[in-house]
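Here's the structure, in C-alpha cells; my notes come after.
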Amino acid sequence: MDYWGYGPKPKRVKDGMRLQSEKISKKWWSDRWLFALESFGWKSRLDRGLNYARKGQVYNLEIKKGIVTAMVQGTKSRPYRVRMELKVFPDRVWDRVITVMGSSASYTAKLILGEMPPNIEEAFLSSGVELFPEEGGNLITQCSCLDSINPCKHIAAVNFVLAEEFGRNPLVIFHLRGRSRKEIMDELGKRRGISPKEKSINQEDKQEPKPDAGEEIKVEPLVKGISRFWEPGEGFKSFKVSIVPAKLNLALLKRLGLPVFCDREKHFWSLMKRVYGAAVEEAKVAALSDEEETKE
Amino acid sequence: MIVLHGGWVSNGSNNGSFYLWAESSGKALKVKKPSAGAGVRPHPFTLSAADMKSVLQSLNFPGIFGIRSKQMEIKLPTLDNIPCASTGLISAEYHEDYGKPELSAWKVNCTKLPVFESFNWLLHYSERSDNANPEVLFSGDLLYWTRAAKFILELILRERFIPSVVERNSSICGVWKPVLSDEKDRERFKALVESMPPVSRSIEESSCGEEASVQNMVSGFLTVFLDSAVRNWIDRREYEYLENKCYYRDDVFSIWVESLCSDRLEIKASKHQERILIEHLTSWSEALNAPGREASWITCFKLEDPVDGEEMWTLSLHLQSADDRSLLIPLQWIWNNDEKTKGVVKEDIGRLQERIIGDIAKAARLFNPVERSLESEAPVSCALSMDEAYRFLKEGACLLEESGYNVVIPGWWLNRERKLGLSLKMKDYQNKQGEGEKSFFTMDSLIKFDWNIALGDENISREEFEKISQIKAPLVNFRGKWIEVNRNSIQTILKLINNAEKKGISLASALKMKFSGQEQDINIMECSFTGWLDNIISGEEQFESVDIPAGFKGTLRPYQEKGFSWMDYITAKKFGVCLADDMGLGKTIQFLTLIMHHKEKMNMKRPVLLLCPTSIVGNWKREIERFTPGINFMIHHGTKRLTGKEFVEAANKYDLVISTYSLGLRDKQVMAEVDWYGTVLDEAQGIKNPQARQTRAIREIAKGYRVALTGTPVENRLSELWSIMEFLNPGYLGTFSDFKRNIALPIERYNDETSLARLKRIIQPFILRRMKTDKSIIKDLPKKFEMKVYCNMSREQATLYKAVVDEMMNNVHDSEGIRRKGIILASLTKLKQICNHPALFLKDMSDEGERSEKLRRLAQMAEEILSGDNRMLIFTQFVEMGFILQRYLQSHFAREVLFLHGGLRRAARDSMINRFQEEADGPPVFILSTRAGGFGLNLTRANYIFHYDRWWNPAVENQATDRAYRIGQERNVVVYKFVCSGTLEERIDELLEYKKGLAENIIGSGESWLTNLSNEKLKEIFAIREI
C-alpha cells in the first residue's frame, strides 16, 4: 500500500538525509533510543515519520549539547524547523558516571574505539540517571508545523534519522547529554594522573588523510633529465617484484573490520572472500599464462 | 627496427590512460634536415597509427579492437630542428652539430590502450628473452611501466588492496585501491617515483601543461590498473546474488558494492550518502597507516605454552622496549604504577595506561579472545584453549604484528626445523646377478631408499609417527615439546615412505626433492645417494683424472684436462653432459680428446655423430687435423653427400661423422639407422626451439652417450636450456610446459631468484662452465688470445668467387706489366668482397644474413658474446661492409650498433666513442673501418675484437687490436680473425703463418707482392679448394 496515496506528496529534497538501512539500525543503542521513545507511547506517531525519513525529507541535522535541530520538508513549500531538547546531566552526575567507567578497562577501551560500551546503561543507572530519554518529558520536542499533535510526523522523521546517525557515531549520545567523547576521555585520563592540557595519543583530532605513500617525494625538474631522457633512474635497477601469494587471507580487511555503515555483515564477508579469492586465483593464472601456448 | 615507448597520462587524480607511441628506424634513416617552421610540427619518425596496430598485433596484444589513436604534443630533446632519436634507435647521423639538445614540442602519434588488456600484456614482457617480434625494442621507459604493472600483480597476489572510494572530477567512484602501508611497498613506491624516466614525465607535462606530480602519476597508474584488474577478475555472480537478495537497493552499502563490482564506476548518490561514504571509508582505512610507532614502549602479546598438566595456554600482555627488544615488562607493573615502574619506564604512566587499553581494545578486534583480558580493571593476560592458541599462531599473531604490535611466540613454532620432515638415504643397489653397483641409471629408474622421519634433529620411530598422526588436534605435545601436525604433511610422508620402501622413487623426482629441499609441504632434510651416483650429483670432484690419450697432439691446460675427465666420467655412466665453457676456452679440443681416449682405451667400434652449424664444419676439420689426426672422420654435407645404405656403411667405417643440424632433420632416417657410439651437438642452439621438428628429429637420431657443447650461459635462454637437457637427460626437467610454468616464466618475467637458484642447483651436476673472466680458476690464461674463425662460403658466394677467378685467369694470361698488376689487384678486391658478402660485390644491397656465411657466423658469435656483460669491436676495411654489418646486426639484435668511418665529422666520432666507453647501458657493438678507427682510439670497454676481413699486415691488425688491448683494459681480450675456408683468405693466412717473422717485412708492405707471382702460383692461391 502506498502511504503517499493518502494525501499530497511532500516536495523532493535535494540531498536529504535519506535513511540508509532497511532496518533502522542493527546497533542496540539506536534501537534503545527509538525504544525509549516508543515506550512513552509514541509508536504509532513515530511510524508516520518513517516514510518521511526513508524518502530523505530531513536535512541540516545538527547535534549540540542538549539540543538537536533539523529541517524537514513537508508538502508545503516552506520546510519545517524541528527542535528537540534533552536534559544535560550536571557535572556531579558525570563525575559519578566517569568514576564507574574508570573502574573497568573495557569502558575506556570502547570509548577509544569510538564504540558504545555494552554495559553503559549500568554506569548511568548506578549514578541515578538514565542515558536514554525516559517518559515524563525530559525530551522536549518542537516543530514549526501547524499539527497540533506533538510529536508530529516531522519530529518522528528526525528521530529516525537521528537514530541512524547514532548507529554510525554512537558517542554523539554522550555529547547530547553534555559531554563530548574528548571531554570524557580527558576526565578519565585525569584520574590516571594525565593533565588535560597534554594531548593524549588516542584523542588526536582526525588529521587530513595522508596519501597512502606518506610524505611528499622530491623529484628533479624535467629539464635536468635531458641527458638521460629515455632511461629510468638509478633506483630502478634494484626494483624487484615477487609473485608469492599472501600467507594469510583477507588480512587487511580483518584488520579493518566491517565499515561502520555496512549493516549486512554476512554479505560483506562472503562478498569479500569471493572477491579476494577470485582476484588472487586469476592473478596467479595471468602471471604465468603463456600466450604462445594458447595460440598454438 | 621499432622502438616502443609507453606513458601514463593523468586525468585528474586517480584517473588516467596508458598510451604507446613509437619511433621507426625506417623513417628515421630517411629524415632530411627540415626548414625551420612555425608552430608544433609532426614528429618526423613517429610510427603511424595503422603501423602501431600491426606492431601490437605482432606482439600478441590482446585487446587490439579497444585501441584508439590520436596526436599528442610531447616535448622531446631536439637538436637542429629534429627530435633526437631515443637511445636504441637506429637513425642516420643527420645532426650537423653535437651541441646540447633542448626540449621542444612535437606532434606524436599516440595510441591509447584499454587498461585491463594492457595490464595483461605488460605483465608478460620478459626482460630476458626475445619479444614475439624481434624487430620491436621496448625502450627503457616502457620497461619501467612493465615493472610497475608487475608490482600491481604482486600487490593483488598479496591481497594488498581494499575497497574504497575516490573522487573523480565531480563525482565519486567505488575503487579497489592499492595499500602501500608496508615498509617495503612504500620504498618501492618511492623508487618508482624517483626513477620515472623523464620522457614519461614529459608526456604528462605536455598534456597537463604544468609541472607533473610524479607521485600522483604513479599512484594514479597503480590505482587505475589495480582497480581494473580486480574488477575484471572478480566473480560477478556473488554481486548479482547480493543484488537480487537485497530488498533495499538504495542504501550506501548497496550503491558502493554495485560500483565496486560492476562496470558502473560512478556512484549515483545523494550528498548525504557521499558524505557518509567518504567520511567513514576514510576513517575506516586510516587504521592501516599503522600508528606511527615512534613510541618507546610497544604493546606486546606473548603466547606461552601451557604449564605442565594444564590445558589452557596463556596469552600474556607486556610492554616491549623499542630500543631493546629483549626488554619485556609485564603489564602489571604499569597498573601498579609504583616507583620501580617509573624508574624503568620514564614516561607518563597515566597516558601509557590509556594507550595500552586502546591497544588491547584494537587488538581484540583482530583476535577476539583478547577481549577477555579487558574484563579486569588492570588487564594482564588471558587464557586460551588449544584451538584458540592455534588460531593465534596461524592468524592472530600475524595480524597483530602487521598492525604495529609486537608478538612473541614460542620458538618451536618459528623453527622450521622443528616441523615434520623426512630424510632419505639410497639403499646400496645390488642387481640380480649380484654384480654389485648398478652400472647406470636413467632419470626414470626407480631407486629404493632407507627413510627416517625427523622432527628437527630428532628421529621419530614409525610407531610414534602413527600415534601422532592419529591425534586430531592441530598441536601435539611430543616428548615434552609442541609440534604442529598438519594432515597434508602426514599424507605426504606416508606416501613417500611407502614408495621409498616398496616401489622405489624415480631418480628424477628424488633429485628434485634433493635440490629443492622439500616435497609439497614437508621438509626433505636429506636425500643422499651412494657410490658414483653420489659423486656426480654432489658435484664434488671425486673422479680421477684420466690420462691424456697418446693420439692427442698438443697440450691441454689443466682446466681442459679436468673438463675432459669430467665428460668421460659422467658419460660413462650414461648421463648426458653439457660443456658450457666460455667461447675460446677450447671446448673442441676437450671433446676431441674424449673421442681419442675412447678410441685408444675403450675399444670404440662404432662412430660418433657430431652435429653443428654449417659454418663451423670447416673449423672442426681443421682442429681434428691439427690436434687429433688419428681420428678418422667423414663429413656428411653438401649435395654430393652419401644416401641410404651407402651412408650407413660408410659411417660405420669412421670414428666420427660430422654433419649439420639441418641434415639432422633431412637425413633423419638414414642417420637413425646407425648405432652411434655417442651423439654430440656443437653450438647447441641448433635445438633451441623445443618444439621444432629439427629438435625432435635430433632427439630421435641420438644414441649412445650425449654431449652438448655451448658457449652461451645456459641460464639466459631457458627454453633452450630445457631442450638441451631433454636431449642430454630426457625427463630430468619435467615436461616443457611444466618447466615453463614453474621455472622459466617466473624467472623470465619476474626475475624470481628462488627459482633461478633452484634451477642452477638442479642442472649443476650435468653442466660444466668455466669463464675466461674467472682468473682464479684459469690462472694460466694469457691476457690476450687470438683465434682464427674459419667460415665456409654460401653457394652464392662460391659461384661468384669462381666466376671472378676464372675471369682473372683468362685476363692475366694475355696481359703484362701494369695492366696485369691492375687486373690482379682489382680481382683481389672483388674476391675479398665476395668472401665478406655477395652484396658488397654485387652492390645489390639486399643484405639478409643467409647470403654470407661469414656474416652468419659473426652474428652467432655476437649473440653469445652479448648474452654476457661484454662489448665488441668489429674491424672491416670496406666502408660499405660496415654499413651492411650495422644494418644487419641492428635488426638482428634490435639494438643500436655504432659505426665509425672516415665520412663522419669529428664531433660525431667523439660522441660514439664516448657512448661506447662511458654509457652504462651503451651500445655494445662498435664497427670501425680499419683505416679510420684502426689507430689512436682508446676503446678499452671492448673485450672482444673481430677482424671481419684481413689486412694481410699483422702490424696493422695488431694496431687495431690494441684499441682495446691496452692500458686500462681490465679483462682478458679475445681476438677473432675471420677466414673464409678454401679461398685466398685461407691461403694467404697460411703463408703469413708460415713465414711469420721473416715475412712480416716482405709481405707487410702491402699486397703488391701478389702481383709478382707466376700464373700457376696465382691460380694456386686464388682458386677455391674443396674442403
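Screening A:LEU258 with (1) open to solvent by 20 Å² or more (accessible area, probe 1.4 Å); (2) facing chain B (nearest Cβ under 7 Å); (3) hydrophobic (A, V, I, L, M, F, W, C) gives one miss only, at (2). Among the helices (runs of 4 or more DSSP H) confined to segment B:326-396, the ones with at least 1 residues that are surrounded by 21 or more Cβ atoms within 10 Å (Cβ to Cβ) are located at B:331-336, B:349-366, B:386-391. Here B:GLN860, B:GLN917 are screened, and the one residue that is modelled with pLDDT of 85 or more, under 21 Å from the mean Cα position of the chain (by Cα) and either of a type in the set (A, V, I, L, M) or assigned to a helix (DSSP H, G or I) (or both) is B:GLN860. When segment B:496-520 is filtered for residues that are under 36 Å from the mean Cα position of the chain (by Cα) and in a helix (DSSP H, G or I), the ones remaining, listed by number, are B:LEU496, B:LEU507, B:ALA508, B:SER509, B:ALA510, B:LEU511, B:LYS512, B:MET513, B:LYS514, B:PHE515, B:SER516.
In the set A:LYS240, A:LYS224, only one residue is more than 7 Å from chain B (Cβ to nearest Cβ) and either open to solvent by 60 Å² or more (accessible area, probe 1.4 Å) or among the hydrophobic types (A, V, I, L, M, F, W, C) (or both); that residue is A:LYS224. Taking segment B:675-703 as the range and being open to solvent by less than 40 Å² (accessible area, probe 1.4 Å) and assigned to a loop (DSSP other than H, G, I, E, B) as the test, the residues that pass are B:TRP676, B:GLU683, B:PRO690, B:ALA692, B:ALA702. Scanning segment B:205-220 for residues that are hydrophobic (A, V, I, L, M, F, W, C) and open to solvent by less than 20 Å² (accessible area, probe 1.4 Å), we see that the one that is farthest from the other protein chains (Cβ to nearest Cβ) is B:MET217. Taking segment B:150-178 as the range and being within 7 Å of chain A (Cβ to nearest Cβ) and on the phi > 0 side of the Ramachandran plot as the test, only B:GLU159 passes. The condition of being open to solvent by 10 Å² or more (accessible area, probe 1.4 Å) and modelled with pLDDT of 90 or more does not hold for B:LYS562. Among the residues of segment B:705-718, those that are out of contact with any Ser or Thr (no Cβ under 6 Å at 6 or more places or on another chain) and buried (at least 19 other Cβ atoms within 10 Å of the Cβ) comprise B:VAL707, B:ALA708, B:LEU709, B:THR710, B:GLY711, B:VAL714, B:ARG717, B:LEU718. The condition of being within 38 Å of the chain's Cα centre (by Cα) and more than 7 Å from chain B (Cβ to nearest Cβ) holds for A:PHE268.
Within segment A:48-72, the set of residues being in a helix (DSSP H, G or I) and either open to solvent by less than 70 Å² (accessible area, probe 1.4 Å) or within 14 Å of chain B (Cβ to nearest Cβ) (or both) comprises A:GLY49, A:LEU50, A:ASN51, A:TYR52, A:ALA53, A:ARG54, A:LYS55.
Considering segment A:251-296, and only residues there that are assigned to a helix (DSSP H, G or I), hydroxyl-bearing (Ser, Thr, Tyr) and at pLDDT 85 or above, the residue that is nearest to B:GLU402 (Cα to Cα) turns out to be A:TYR276. The single condition from (1) among the hydrophobic types (A, V, I, L, M, F, W, C); (2) closer than 28 Å to B:PRO730 by Cα; (3) assigned to a strand (DSSP E or B) that B:LEU663 fails is (3). When B:SER723 is tested against the conditions (1) within 18 Å of B:ALA684 (Cβ to Cβ); (2) open to solvent by 20 Å² or more (accessible area, probe 1.4 Å); (3) not hydrophobic (A, V, I, L, M, F, W, C), the lone failure is (2).
Yes/no per residue for (1) away from chain A (no Cβ under 13 Å); (2) out of contact with any helix residue (DSSP H, G or I) (no Cβ under 6 Å at 6 or more places or on another chain); (3) surrounded by fewer than 17 Cβ atoms within 10 Å (Cβ to Cβ):
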position: B:SER262; (1), (2), (3): no, yes, yes
position: B:SER270; (1), (2), (3): no, yes, no
position: B:GLN273; (1), (2), (3): no, no, no
position: B:HIS280; (1), (2), (3): no, yes, no
position: B:ALA295; (1), (2), (3): no, yes, yes
position: B:THR299; (1), (2), (3): no, no, no
position: B:LEU315; (1), (2), (3): yes, yes, no
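Within the set B:ASN477, B:ASN459, B:ASN523, the sole residue that is buried (at least 18 other Cβ atoms within 10 Å of the Cβ) and either part of a strand (DSSP E or B) or at pLDDT below 85 (or both) turns out to be B:ASN523.
Of all residues in segment B:982-1010, those satisfying the criterion of being modelled with pLDDT of 50 or more and open to solvent by less than 10 Å² (accessible area, probe 1.4 Å) are B:GLY982, B:THR983, B:LEU984, B:GLU985, B:ILE988, B:ASP989, B:LEU1010. When B:ILE874, B:ILE818 are screened for being β-branched (Val, Ile, Thr) and outside any helix (DSSP H, G or I), only B:ILE874 passes.
Residues being under 16 Å from B:PHE18 (Cβ atoms), part of a loop (DSSP other than H, G, I, E, B) and modelled with pLDDT of 90 or more: count how many of those fall in segment B:189-228. Here the count works out to 2.
Taken over segment B:642-674, the criterion of being surrounded by fewer than 17 Cβ atoms within 10 Å (Cβ to Cβ) and touching a Leu at 6+ places or on another chain (Cβ under 8 Å) is satisfied by B:ALA650 alone. In the set B:SER181, B:SER202, only one residue is within 9 Å of chain A (Cβ to nearest Cβ) and surrounded by fewer than 22 Cβ atoms within 10 Å (Cβ to Cβ); that residue is B:SER181. The numbered conditions (1) open to solvent by 10 Å² or more (accessible area, probe 1.4 Å); (2) more than 7 Å from every other protein chain (Cβ to nearest Cβ) are all true for B:ARG147 except (2). Considering (1) within 13 Å of chain B (Cβ to nearest Cβ); (2) in contact with a Pro (Cβ under 7 Å, 6 or more places away or on another chain); (3) surrounded by fewer than 16 Cβ atoms within 10 Å (Cβ to Cβ), the lone condition that A:THR75 does not fulfil carries the number (1). Residues considered: B:PRO629, B:PRO613. Of these, the only one that is surrounded by fewer than 16 Cβ atoms within 10 Å (Cβ to Cβ) and either within 30 Å of B:LYS784 (Cβ to Cβ) or of a type in the set (Val, Ile, Thr) (or both) is B:PRO629.
Limited to segment B:592-615, what total is found for residues that are touching a strand residue (DSSP E or B) at 6+ places or on another chain (Cβ under 7 Å) and not hydroxyl-bearing (Ser, Thr, Tyr)?
8
Only one entry in B:GLN320, B:GLN273, B:GLN353 is of a type in the set (S, T, N, Q) and farther than 30 Å from A:ARG191 by Cα, namely B:GLN273. Restricting attention to segment B:370-393 and to residues that are over 19 Å from B:LEU319 (Cα atoms) and in contact with a helix residue (DSSP H, G or I) (Cβ under 6 Å, 6 or more places away or on another chain), the residue that is nearest to the other protein chains (Cβ to nearest Cβ) turns out to be B:LEU393.
The values are calculated or read from the model by the stated rules, or taken from the named source; none is laboratory data. What you see is a predicted model; the values in this text were computed from it and never measured. In this analysis, Cβ positions are derived from the backbone assuming ideal geometry, glycine residues included, and neighbour counts consider all displayed protein chains. We work out accessible area using only protein heavy atoms, side chains counted, and drop any ligands, DNA or RNA first. Shrake-Rupley method; radii C 1.70, N 1.55, O 1.52, S 1.80 Å.
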